[in-house]
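Participant: This is the structure, below, for whatever I ask next.
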Amino acid sequence: MRKIISAGIIVYIMAQTLCACGKQQPDGANKVYVGVAYYDQSDTFLGQLIACLKNSFQEYEKDGYEIVMQVRSASGSQRTQDDQVKELIDSGCNVLCVNLVDRADPSEIIDLAREHNISIIFFNREPVAEDMMQWDKLYYVGGPAAQSGIMQGELAVALIQADTGIDRNKDGKIQYVVLEGEAGHQDAIIRTKNVVETLKNNDIEIEKLSYGIANWNRAQAQNRMLQMISQHQNEIELVLANNDDMALGALDAYEKLNYTESTLPVFLGIDGTDVGLEAVRDSRLAGTVYNDKEGQASAIAKLAVALVSGKGLEQIEFENEKYIYLPYLKVTKDTVDEFFQKQSRN
Ligand code: GAL
Ligand code: CA
């Protein structure tokens, strides 16, 4: 009996060694069936992030992995997303990438995944810390929200210091409005807080005229901005938007009212989406902050493949054992070309 076992072990070790040479993984471990669930198909940044994710996973086909990626978008309903995750699991997914609709309500999805022992990589919409502690196979990949707010603030400070014309009424203060993303989203809350603090910390005198919640959405931002312009007319000198789509929506509002360039405020966004970068290049936005979708996608794919194959997990660096944050980058007209290149390389 013992001989049979040790012969078995030797055959197993040989098989493993042979596999390692041919870059083949042990049975089943080279099949990565990814289920991706995201909150809403109308979100510009998410659409581009999902496209990056496809590219990043495909890279692993070269290394002998079989990759199948299924994507579901939930049209803003957590209920729908819970059902979609159930379907993805039933159809055989062995790893899940989840962009929650309601970042405070992941319990149903966590329970489902735990029942089937399938790891979850949450991304972009960060669950609260207590929920991340519910199980040890939960991970998060995203950007450090505070940094994006600080960088947007630093862009504003540099512009205001370089151009006294921004203070159009010459009262020594910058009158500003904020366009905020979804209420309750970590990026909306933290970006708004940090951009304002950064202006204050740099001794820029500011006066908040108003704010509008526009749920990351260009059309909603245009409406909110039209309302704010009707209240404040030419007083607004700076528009701080939590993302590029809302910065562009604000600009749409001014265009609709036929404002000329010399009477426009300064607009700043965050994301560096295709439309955002183009607007920076054309000086319609004064700047943006790059939300590194290529970096996030490649970190998600790397982690997913490691979790399924059981290989390479020890080389991945986590914060607090389960978090990966990819840094943001400032984008101005001077640096925007680098970012177009970054995208075409992906
Ligand atoms: C943010 C991004 C927004 C929106 C949001 C969705 O990080 O800046 O544009 O995509 O995520 O969760
Ligand atoms: Ca002023």
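Participant: Hey, what number do you get for the chain at 222 nm if only DSSP H runs of n ≥ 4 count, each worth -39500 (n - 2.57), divided across all residues, to the nearest 500?
Facilitator: It lands at -14500 deg cm²/dmol.
Participant: Mind listing which trypsin sites (Lys or Arg not before Pro) in region 240-341 are in a DSSP loop and have 12 or fewer other Cβ atoms within 10 Å?
Facilitator: Sparse-neighbourhood loop trypsin sites (Lys or Arg not before Pro): none present.
Participant: Moving on. For Phe318, Phe45, Phe122, what ranking results if the residue with the fewest other Cβ atoms within 10 Å of its Cβ goes first?
Facilitator: The most exposed by this proxy come first: Phe318, Phe45, Phe122.
Participant: Right, another one. Straight-line reach from Lys193: which aspartates and glutamates fall under 18 Å, measuring Cα to Cα and dropping same-chain residues less than 8 apart?
Facilitator: Glu126, Glu154, Glu180, Glu182, Asp203, Glu205, Glu207, Asp244, Asp271
Participant: State the number of lysine pairs found in region 44-170 whose Cα atoms come within less than 26 Å, restricting to pairs 8 or more positions apart or on distinct chains.
Facilitator: 4
Participant: Name the long-range amide H neighbours of Phe267: under 5 Å, sequence gap of 5 or more, or other chain; modelled H, no Pro or chain starts.
Facilitator: HN-HN under 5 Å from Phe267: Val239, Ala286.
Participant: Roughly how many nanometres apart are two label points built 7 Å out from the Cα toward the Cβ at Thr332 and Arg114?
Facilitator: Placing both labels 7 Å beyond Cα along the Cβ direction yields 4.9 nm.
Participant: Next question, about the same structure. List Ile300, Ile67, Ile189, Ile236 from most exposed to least, where exposure is judged by having the fewest other Cβ atoms within 10 Å.
Facilitator: Placing the least packed residue first, the sequence is Ile189, Ile67, Ile236, Ile300.
Participant: Can you compute the FRET efficiency between His232 and Ala104 using 1/(1 + (r/R0)^6), with r the Cβ-Cβ distance and R0 = 41 Å? Round to the nearest 0.05.
Facilitator: With R0 = 41 Å, the Cβ-Cβ based efficiency is 0.75.
Participant: Also: Taking 0.36 nm per residue of sequence separation and subtracting the Cα-Cα distance, how much length would be gained by fully extending the chain between Val157 and Ser344, in nm to one decimal?
Facilitator: 64.3 nm
Participant: Could I ask something else about it? Which of the GluC sites (Glu not before Pro) found in region 270-346 are loop residues per DSSP with 13 or fewer other Cβ atoms within 10 Å of their Cβ?
Facilitator: For GluC sites (Glu not before Pro) across region 270-346 that sit outside H, G, I, E and B with at most 13 neighbouring Cβ atoms in 10 Å, the list reads Glu317, Glu321.
Participant: Where the only charges are on Cβ atoms (+1 Lys, Arg; -1 Asp, Glu), what is the dipole of region 184-232 about its Cα centre, to the nearest 20 debye?
Facilitator: 240 debye
Participant: Using the beta-carbon distance between Glu59 and Ser91 and R0 = 30 Å, what value does 1/(1 + (r/R0)^6) give for FRET efficiency, to the nearest 0.05?
Facilitator: Rounded to the nearest 0.05, the efficiency is 0.80.
The numbers here are math on the coordinates, done by the rules we state, and not lab data. Quick caveat, the model's predicted, so the values are computed rather than measured. Every residue, glycine as well, gets a Cβ built from its backbone with ideal geometry; the counts of neighbours run over all protein chains shown.
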